[in-house]
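Okay, structure first, notes after.
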Amino acid sequence: MERNYISIEEARKLISEHAKPIGKVVQDVVQSLGCVISEDIFSPIDLPSFTNSAMDGYAINTESIRFFPVRLKVVGEVKAGETFKRKKIKEGETLKIFTGAMIPEGVDAVVEKELVKAEGEYIIIEKEIKKWRNLRFKGEEVKEGQKVIEKGTVITPGVAGFLSAMGIKKVKVFKKPKVSLIITGTEVLKLGQKFKHGKVYDANSVSLRLALRELGIESVKVKFVRDDLKMLRSIFKNELKSSDVLIFSGAVSAGDYDYVRELMVEEKVEKIFYKVKQKPGKPIFLGKKDGKFIFGLPGNPAAVIICFYEYVSPFIKGVMGYKNIFPKEVEKELLEDRENKDDRPHFLRVKILGDGVKVLEAQGSHMLSSFVECDGIILLPELSKKVKGEKVKVHLLWER
Ligand SMILES: Nc1nc2c(c(=O)[nH]1)N[C@H]1C(S)=C(S)[C@@H](COP(=O)(O)OP(=O)(O)OC[C@H]3O[C@@H](n4cnc5c(N)ncnc54)[C@H](O)[C@@H]3O)O[C@H]1N2
Ligand code: MOO
């Protein structure tokens, strides 16, 4: 007999167990935002790769200056990017130098231009300048061959910049899954279609596509299908061939035309779980066939978004090689008493106000207006009461 529900904790555990990388690919660093590096990175060069100036100013040799103030003759200049084997300074001389320019032989400090007085071909340095001032040394940050990035690191713009600074153009990352969205419902109108009484505009394909884009998943196919088992089967079979993760929206519940569960049984999709004790999103399904994973999300549009962030996004992150897959949490104080008389835990949309959280209006699984102000979700256990001032964990959905 099928158990009626599993708990949120059990569902999370099953997500963690099944969300494993599906392969590795070589990716251009410039296209790699949000990918996870799949092998340790060793620097091919020193960083800095040559000793250079941290300031625009004058290159000096402090050892040849016996006392300050000193008057030095400007005998040339060194620009960034220039190599200048011929440029050397002798006692009594200086070179004009720019930020990032290579330090010439015999130079052991750079005095920034604000600290000198220019007098024709000469400069006067009033105050003592210490050896090594304003020098950025070869290899001071990274040595050639040093391990600089560990496998499992998520590529942020900063990481991508760092890779590029080492001259690394391509990087091995865990594969992003290809995703198919199968949007069910005879009542569903695609955006742009003329409104008809009794129909609803599709919200789910749009919220899911954008949520997937946040994860860097661009390879997304969207299929709309009426509540028709034959058509659903044919689309399912096709998408199973081409995608790694299939996400159904709608038709997972108990209605006569809710065909997804029936299809999963018929197609011998191995059930990982079906139905989680929660609101919204109770009839969520996760299954596996031919190494591909299938989510069935309820059609209710708020349930879709919440199930995506609580389960689908963690799953996809796991596939992409992320170590931390579940939503980031912050602790906040509840700004009002809140009771859950239901026997299912409730995910509630909240707005963060400083150290507190306000539970938003419009919490129904069919209601989306609360997302206008929503920063995150709190979980209110079944048959429980939380009082004003009590600490709650907020699952952060997005930053703005
Ligand atoms: N007898 C029972 N009825 C229901 C149960 C139950 O246990 N017994 N569960 C309820 C719960 S909880 C949920 S959640 C929903 C889930 O329903 P389905 O997954 O079968 O989804 P649909 O019936 O297809 O649609 C639900 C709702 O969402 C609207 N919808 C569907 N697709 C879209 C879309 N792309 N964009 C916007 N809105 C969409 C649809 O019109 C329905 O209003 O079942 C309860 N029923
Ligand atoms: O579990 Mo359903 O999403 O409440 O209404």
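What follows draws every value from the coordinates through simple rules; no lab data is involved. Model, not experiment: these values are computed from the prediction. Here the Cβ positions follow ideal geometry from the backbone for every residue, glycine too, while neighbour counts run over all protein chains shown.
Mind jotting down the distance between the C-alpha centroids of the range 152-191 and the range 70-118, whole Å? Computed from Cα coordinates, the inter-centre distance equals 46 Å. Amide H to amide H, with H built 1.01 Å from N, GLU93 comes under 5 Å of LYS73, counting only residues 5 or more places away or on other chains. If you take the beta carbon distance between SER234 and TYR201 as r and set R0 to 25 Å, what does 1/(1 + (r/R0)^6) give as a FRET efficiency, to the nearest 0.05? Efficiency at R0 = 25 Å is approximately 0.50. Report summary: the helix-based calculation at 222 nm, which adds -39500 (n - 2.57) for every DSSP H run with n ≥ 4 and divides by the residues of the chain, gives -4500 deg cm²/dmol. Quick check on the range 220-296: of the DSSP beta bridges with both residues there, what percent are antiparallel, nearest 5%? Antiparallel: roughly 70 percent of the beta bridges in the range 220-296. For the chain, the longest principal axis of the Cα atoms and the long axis of helix 8-18 meet at an angle of about 60 degrees. Label zone (LYS127, point 7 Å along Cα-to-C-beta; backbone nitrogen cut-off 15 Å) within the range 57-75: 68-70.
Can you give the FRET efficiency for GLU150 and GLU270, using 1/(1 + (r/R0)^6), R0 = 35 Å, r = Cβ-Cβ distance, to the nearest 0.05?
Working from the Cβ atoms, E equals 0.55.
In a DSSP loop and with at most 12 other Cβ atoms within 10 Å, the chymotrypsin sites (Phe, Trp or Tyr not before Pro) in the range 82-149 are TRP132. Looking at the range 329-396 only, what percent of DSSP beta bridges run antiparallel? Nearest 5 please. Roughly 90 percent of the DSSP beta bridges within the range 329-396 come out antiparallel. About the centre of its Cα atoms, the range 145-283 shows a dipole size close to 400 debye [charges on the beta carbon of Lys, Arg (+1) and Asp, Glu (-1) only; nearest 20 debye]. Can you tell me how the range 1-139 classifies by the Cα gyration tensor, rounded, prolate or oblate, using a/c under 1.5 as the rounded cut? Note, shape of the range 1-139 comes out prolate. Listed peptides 61-67, 389-395, 175-181 appear in the order 175-181, 389-395, 61-67 once ranked by packing, highest mean of other Cβ atoms within 10 Å at the front.
Name the shape class, rounded, prolate or oblate, that the alpha-carbon gyration tensor gives for the range 329-400, where a ≥ b ≥ c are the square roots of its eigenvalues, rounded holds for a/c under 1.5, and otherwise prolate holds if a/b is larger than b/c and oblate otherwise. It comes out oblate by the Cα gyration axes.
Database remark: amide H of LEU215 closer than 5 angstrom to no amide H (H placed geometrically; neighbours at sequence offset of 5 or more, or on other chains; Pro and chain starts carry no H). Taking max minus min of the alpha-carbon positions on each principal axis, the chain gives extents of 94, 51, 43 Å, largest first.
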